[in-house]
Structures are given as structure tokens and as C-alpha cells.
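Undergrad: Input: one structure, supplied below.
The values are calculated or read from the model by the stated rules, or taken from the named source; none is laboratory data. From a predicted model like this one, the values you see are computed outputs, not experimental measurements. FYI the Cβ positions are ideal-geometry reconstructions off the backbone, even for glycines, and counts take in every protein chain you see.
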Amino acid sequence: MLSRRVHLIALVFCLIAPRAFAQGDDDLLAPLTPSAPATKGKTTTKAKKPTKATKGKKPGKAAEAEQDDETDLLAPLVKKTELLVKFNGGTRGTRLLVDDKDLGPVSKNPVEVDEGEHTVVVRKPGYRDFSRRLTFKEGERTEVAVSLEATAGFVSVKADIAGARVLVDGEEKGRTPLDDLLLSAGSHEIVVEQEGFRPESQRIAVRAGKEYTVNFNLRPGALAKTDEPRAPVLTPSAVAEPSPFTQPPAEVAVSKPLTQRWYFWAGVGAVVAAAAVGTVVATSQPLSPDSVCGGVCDGVINDPRAASAGGLRF
């Protein structure tokens with residue numbers, strides 16, 4: 001009996017609950033704008049006055065404004081034909097040209113172009129131009145990697161005197177301070193000169209794509225003249241004044257011929273005497289052993305007479 005009552009209560013609750021939730025949904029879907037308070041016993045409705053057309057405005061202005069708004073809303077949905085340049089290195093001083101039309105400096109953002117075939121050129125001072133013919137498809141982005149080849153070096157000339165003239169290989173290039181001066185690869189002579197100062201020069205070897213900084217210190221002309229020697233070593237004067245601190249050069253004795261020296265002839269005489277003695281000894285008769293010993297010798301070694309007899313004589 002109790003279970004039947006529980007089932008009956010549950011059935012009634014299931015029938016009543018959907019209506020309550022439906023009513024709550026209607027309240028949530030009601031308009032958020034507050035309704036005007038109703039006056040007791042009277043319902044009043046205010047009719048809107050028709051708007052008057054303003055003078056001087058054309059009737060098509062509103063339509064054009066609505067069309068522009070629709071175009072702005074649809075713009076993000078329309079794909080553009082773009083060009084993206086990927087540049088290797090610093091982009092300072094680079095310019096992007098499409099069909100000889102300058103589009104400004106190269107950046108990391110894409111540039112909008114027309115569809116079709118175009119010539120893309122990337123130009124930078126001191127580098128060889130990059131040129132390529134590309135075909136752009138509608139609504140697609142085309143990417144191109146650019147690497148420029150250096151053809152010159154970058155030289156900065158600085159001096160302690162501002163406004164001094166800078167000459168490179170005899171040709172004036174500007175005034176100090178001078179930055180990003182383009183010079184071809186090789187050796188160059190840089191001269192900096194200013195009125196009232198002594199010119200200064202330096203020679204540098206330039207490599208393509210490298211940066212150089214050359215500093216100059218100019219000296220006043222009067223000070224420069226006092227520093228010059230009176231008698232430079234490279235340009236000696238016609239008559240040189242002797243200096244008390246200079247030692248006279250040592251005298252160099254002139255050597256005599258060998259035949260005029262005494263020891264030469266002394267040696268010659270000794271050789272001649274020795275030769276004469278040897279000649280006399282060789283041509284004289286040999287001495288006998290008996291004459292040497294003063295009688296009969298007890299023994300003679302290498303006696304020629306004994307050798308001829310085939311033995312030794314004692």
C-alpha cells in the first residue's frame with residue numbers, strides 16, 4: 001500500500017516539473033529591456049514622429065555606408081596575394097622593388113602584390129642586386145629567400161677636427177665625420193686635411209663586406225713646422241756643418257801587395273836554402289860505416305854491403 005502511494009507521488013511530480021521548468025525558461029528568454037510602467041486604468045502608446053530628411057545629403061549615402069561596412073566585415077575572409085622576403089643578414093638600407101616599383105624597405109611582414117608574373121629585386125648599397133622572376137597565384141603567399149653578395153667595404157672616417165675634408169685616392173668624398181663610405185676591395189689611401197692644420201694620411205686594405213673605422217688626429221700647421229728637422233736625413237744640405245759631438249771616421253789603411261812585404265821574401269829565401277841543402281845531400285857519396293865509427297864497427301844495421309851479400313854484418 002505504501003509503495004503504491006510513493007509511485008503515485010512520483011508520477012504527479014513528473015507531470016508537474018516540466019511545466020515549471022518551461023515557465024522558468026520563458027522567464028529567461030524574456031527581453032532584458034525593462035517595460036514601461038503601466039498607468040492604472042489607462043494604456044497610452046506614443047507614436048514616433050517620422051524622421052525628416054536632412055538637407056544636403058544624398059539618398060545613396062546610407063546605402064554606401066552599409067556596403068562599406070559589409071566589405072570591412074568580409075575583408076578578413078578574403079585571401080590576399082602576398083610576397084614574403086626572407087632576408088639573410090641585416091635589413092638596414094635594403095629596398096624591395098617589384099617591376100621597378102619601389103615598395104619600401106625589406107621587412108619581416110608580407111607585402112601585397114597583384115597576381116601574375118612579376119620581377120622581384122632586392123637592392124642594398126655595397127651589394128650586388130638580387131633579381132628573380134616569380135609567378136604569384138591569387139590568394140596565395142609566395143616566399144623567397146634572399147642572400148646578397150658583397151662588392152665593397154664600409155669605411156667610417158673620424159677626426160678630432162669636425163668638418164675636415166676627406167680624400168680617397170685623391171678624390172674628395174665628404175667631410176668628417178664620414179660614415180658608411182663605400183670603397184671597392186683593395187688598397188686605398190685616405191687623406192684628411194683642414195686649413196691651418198697639417199694633412200694626415202693613412203693607407204688601408206679593404207675587403208668586401210667588412211666594416212672599418214679610421215681615426216685621424218690633426219696637428220696645427222705652426223706646431224707641425226717646428227717639429228720638422230732643419231736638415232732632414234733624406235735631403236742633406238750641400239755643405240754639412242761639423243758637429244762637436246760627431247766623431248771623425250776612422251782611417252782605413254790601404255793594404256800593400258803581398259810581393260811588397262818582407263815576410264814573403266823571407267819565406268822564399270828559406271825555401272830556396274832548404275832546397276839547396278837537400279840537393280847537396282842527395283848528390284854526395286854515401287859514407288862508409290868504418291869512417292863513421294873511426295874503425296871497424298861492431299855492428300851495422302842496413303849495411304848496403306851486407307844487404308848485397310845477403311845478410312847482416314856485425
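Undergrad: Could you give every pair whose Cβ atoms fall below 7 Å, whose first residue belongs to the stretch 95-111 and is farther than 19 Å from Pro125 by Cβ and outside the structural domain of Phe130 (by TED's automatic domain parsing), and whose second residue is at pLDDT below 90 and loosely packed, with under 11 Cβ neighbours inside 10 Å, counting only separations of at least 6 or pairs across chains?
TA: Note: no pairs meet the criteria.
Undergrad: Quickly run through the stretch 112-132 and pick out the residues that are assigned to a strand (DSSP E or B), surrounded by fewer than 15 Cβ atoms within 10 Å (Cβ to Cβ) and either at negative phi or among the aliphatic types (A, V, I, L, M) (or both). Explain how you work it out, then say what you get.
TA: Step one: of the stretch 112-132, the residues assigned to a strand (DSSP E or B) are 112, 116-123, 127, 130-132.
Okay, now just the ones that are also surrounded by fewer than 15 Cβ atoms within 10 Å (Cβ to Cβ), so 112, 116-117, 119, 131-132.
Residues satisfying the conditions are Glu112, Glu117, Thr119, Ser131, Arg132.
Undergrad: Those residues that are part of a helix (DSSP H, G or I) and either polar (S, T, N, Q) or at pLDDT below 75 (or both), I need them from the stretch 248-279; list them, please. Reasoning before the result, please.
TA: Here is the first cut: in the stretch 248-279, the residues part of a helix (DSSP H, G or I) are 258-260, 262-279.
Listed by number, the residues that qualify are Leu258, Thr259, Gln260, Thr279.
Undergrad: Which residue out of Thr151, Thr135, Thr176 is crowded, with 17+ Cβ neighbours inside 10 Å and either modelled with pLDDT of 90 or more or within 17 Å of Glu211 (Cα to Cα) (or both)?
TA: On the way: Thr151 fails: crowded, with 17+ Cβ neighbours inside 10 Å; Thr135 fails: crowded, with 17+ Cβ neighbours inside 10 Å.
That would be Thr176, the only listed residue that is crowded, with 17+ Cβ neighbours inside 10 Å and either modelled with pLDDT of 90 or more or within 17 Å of Glu211 (Cα to Cα) (or both).
Undergrad: With respect to Lys173, is the statement that it is charged (D, E, K, R) and touching a residue at least 40 places away in the same chain (Cβ under 8 Å) true?
TA: Numbers: charged (D, E, K, R): yes; touching a residue at least 40 places away in the same chain (Cβ under 8 Å): no.
No: the conditions fail for Lys173.
Undergrad: When you check Ser201 against the structure, is it polar (S, T, N, Q) and loosely packed, with under 15 Cβ neighbours inside 10 Å, yes or no? Walk me through how you get there before you give the answer.
TA: On the way: polar (S, T, N, Q): yes; loosely packed, with under 15 Cβ neighbours inside 10 Å: yes.
Yes.
Undergrad: Being over 19 Å from Leu182 (Cα atoms) and of a type in the set (Ser, Thr, Tyr) is the filter here; which residues of the stretch 154-171 pass it?
TA: Hits for the stretch 154-171: nothing passes.
Undergrad: Here is a further query. Which of the residues that make up the stretch 91-111 are among the charged types (D, E, K, R), under 22 Å from Gly139 (Cα atoms) and at pLDDT below 90?
TA: Within the stretch 91-111, just Lys108 meets the criteria.
Undergrad: Might you check whether a residue that is at pLDDT 90 or above and within 30 Å of Val98 (Cβ to Cβ) occurs anywhere in the stretch 184-198?
TA: Yes, that holds for at least one residue.
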